[in-house]
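K.L.:
Before I ask anything, here is the structure I am working with.
The values are calculated or read from the model by the stated rules, or taken from the named source; none is laboratory data. Just so it is clear, the structure is predicted and the values come from calculations on it, not from any experiment. Note that each Cβ is placed from the backbone with ideal geometry, even for glycine, and that neighbours are counted across all protein chains shown.
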Amino acid sequence: MTASDDPTFVASCLVTAVVVLGVALAVLAGALMSGRWWQRWTRARGEALLAPVRPLLVRLVADEDEADAVTRDLLTLPARVWRDLEPVVASMLGKLRGDARAALVRVLVSRHTLDVAVRDSRRRRASTRARAADRLGLLGHEAALAPLSALLDDPDPEVRAVATRSLGRLGAPAAEPLVRALADPRRPLPPLVMTQALTRIGSPARAALRPQLHHPDDEVRALVVELSGLLGTADAVDTGPLVEALREDPSPEVRRRAARALGRLGPREAVPALLPALGVEVPEPLRITAAHALGQLGDPDAVPALAELLDDPRHWVAHTAAQALVDIGPSGRDALETRADAPVPGAGAEHAREALTAVRGARGVRSPG
Amino acid sequence: MATVLVADDDPDVRDVVVYKLQQSGFEVVVAVDGGDALALARERMPDLVVLDVMMPRITGLDVCRELREEPRTAGIPVIMLTARAGEGDIEAGFDWGADDYLTKPFSPRELVTRVRSALGRAAR
């Protein structure tokens with residue numbers, strides 16, 4: 001008879017297992033309760049510590065007459081109180097602007113928050129550098145420009161993303177370093193964050209982008225063209241370099257993106273540059289984008305060239321031309337009807353009928369009865 | 001002395017707005033969420049309401065709409081004070097009956113100017 005056959009032995013094993021499990025559960029529950037208690041205690045202690053000084057903070061940002069006196073009081077707070085108050089001050093930075101924000105920045109700079117963030121931006125841990133980049137952006141101080149620009153070359157992509165966003169908060173002085181980083185393909189930056197940062201900067205960012213339209217790297221030029229289309233205006237200062245890129249850039253992808261950007265920005269002056277991009281010798285993606293852009297521009301001068309494309313052997317070229325003729329308006333729709341009713345059969349008539357049917361359907365939906 | 005109802009669930013923003021308005025000579029009533037704001041507006045009939053949009057229980061937009069639907073409160077000027085700064089958000093604010101729209105980050109001084117201006121328009 002083996003031990004496992006002995007009912008007494010099996011029963012004692014079960015009892016031991018239940019006891020061990022019970023003890024483990026009790027320890028776990030105790031640890032959870034202690035953790036919660038500790039959190040509550042820490043929060044209550046922090047709030048108790050901050051309660052007398054929070055009104056100072058409110059007076060600092062809401063009472064210009066008392067700002068200097070309150071600043072002096074905040075600068076003499078003991079270090080342990082300031083340690084708890086600093087995150088509250090930093091969080092208020094993002095909620096206020098004008099004199100109120102400037103008062104907060106003055107206190108934070110005087111209490112060395114800027115110096116600490118600059119120092120942390122060079123730490124080993126990526127999370128520390130990312131936090132420092134965020135803090136530097138929130139402070140929006142001119143001294144944050146150099147450390148944030150350096151972080152655009154950080155080996156960690158998250159840190160680069162935070163630095164990009166923070167530089168957007170610094171405004172015009174950050175345009176050049178951001179665009180320089182954009183033109184350096186070794187350290188890619190997230191396009192969406194870059195677009196948001198440059199959009200926030202506005203006109204100085206558009207000006208900084210222009211010289212990069214001649215960057216030797218095709219991918220960089222393509223990205224710069226794309227951003228110029230997103231940030232630009234219909235003004236000739238913005239559209240002129242894009243028209244030049246559409247006409248002369250050696251990369252078909254850059255020319256395609258220039259066509260798309262021009263369609264988005266909407267200058268009528270772009271029509272003469274877009275028409276040659278419809279030619280049969282041009283790569284198909286560029287022809288399609290150019291046809292679409294001409295529809296967006298809505299200039300009747302483009303109707304004859306687009307009508308010719310209805311019979312193009314490339315299906316999507318002809319299809320896009322038909323849609324563009326619809327977008328142009330009455331003269332475009334006249335051209336579609338002429339082709340649809342022509343005695344010459346072919347795919348062109350089909351494309352024209354399809355586009356007209358879609359227009360009539362949409363009208364029916366918009367105005368039933 | 002004009003009474004202003006301030007409704008915002010963020011204590012930092014609420015404290016600053018309340019202090020600034022009191023310092024500028026207004027009597028201030030405070031609400032910490034949308035439900036509170038509606039109840040206090042009905043009870044106290046303030047001269048103006050400063051409303052955050054994203055609040056627990058009832059959003060600022062809903063509070064604004066309800067105030068407009070009740071004949072007693074329909075004429076109270078409402079200023080939205082919110083982090084929602086998109087064109088669509090601002091349009092929605094005015095569509096739902098707001099008289100003015102101020103986006104965060106905000107300037108406390110500008111808020112007081114807008115409050116005085118809205119009260120002046122309401123008095124005419």
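K.L.:
Check every one of the helices (runs of 4 or more DSSP H) wholly within region B:1-91 and list those with 1 or more residues that are away from chain A (no Cβ under 13 Å).
P.N.:
Fully inside region B:1-91 and qualifying: B:34-44, B:60-69.
K.L.:
If you don't mind, there's one more thing I want to ask. Name the helices (runs of 4 or more DSSP H) wholly inside region A:144-233 in which the number of residues that are within 13 Å of the chain's Cα centre (by Cα) is 2 or more.
P.N.:
Working: elements: A:145-151, A:157-170, A:175-182, A:191-201, A:203-209, A:218-231.
Where helices (runs of 4 or more DSSP H) fall fully within region A:144-233 and carry at least 2 residues being within 13 Å of the chain's Cα centre (by Cα), they are A:157-170, A:191-201, A:218-231.
K.L.:
Among the residues of region A:307-329, is any over 18 Å from A:L278 (Cα atoms) and either of a type in the set (A, V, I, L, M) or at pLDDT below 95 (or both)?
P.N.:
Yes: one or more hits.
K.L.:
Right, another one. From (1) closer than 25 Å to B:Q22 by Cβ; (2) within 12 Å of chain B (Cβ to nearest Cβ); (3) aliphatic (A, V, I, L, M), pick out the condition that doesn't hold for A:L74.
P.N.:
The failed condition is (2).
K.L.:
Of everything in region B:94-124, what is charged (D, E, K, R) and either within 14 Å of chain A (Cβ to nearest Cβ) or assigned to a helix (DSSP H, G or I) (or both)? Give them in sequence order. Explain how you work it out, then say what you get.
P.N.:
Filtering region B:94-124 for residues charged (D, E, K, R) gives B:95, B:99-100, B:104, B:109-110, B:114, B:116, B:121, B:124.
Matches in region B:94-124: B:D95, B:K104, B:R109, B:E110, B:R114, B:R116, B:R121.
K.L.:
If you don't mind, there's one more thing I want to ask. Name, by its number, the condition in (1) modelled with pLDDT under 85; (2) not in a helix (DSSP H, G or I) that does not hold for A:L49.
P.N.:
(2)
K.L.:
May I pose another question? Name the single residue, out of those in region A:13-59 being under 22 Å from A:V81 (Cα atoms) and of a type in the set (V, I, T), that is farthest from the other protein chains (Cβ to nearest Cβ).
P.N.:
Residue satisfying both the conditions and the ranking: A:T42.
K.L.:
Just give me the residues in region A:87-100 being facing chain B (nearest Cβ under 7 Å) and crowded, with 18+ Cβ neighbours inside 10 Å, in sequence order.
P.N.:
A:M92, A:K95, A:L96, A:A100
K.L.:
Of the residues A:H351, A:H292, only one is farther than 30 Å from A:P241 by Cα and surrounded by 13 or more Cβ atoms within 10 Å (Cβ to Cβ); which?
P.N.:
A:H351
K.L.:
For region A:113-133, name all the residues that are surrounded by 20 or more Cβ atoms within 10 Å (Cβ to Cβ), under 11 Å from A:D156 (Cβ atoms) and polar (S, T, N, Q).
P.N.:
none
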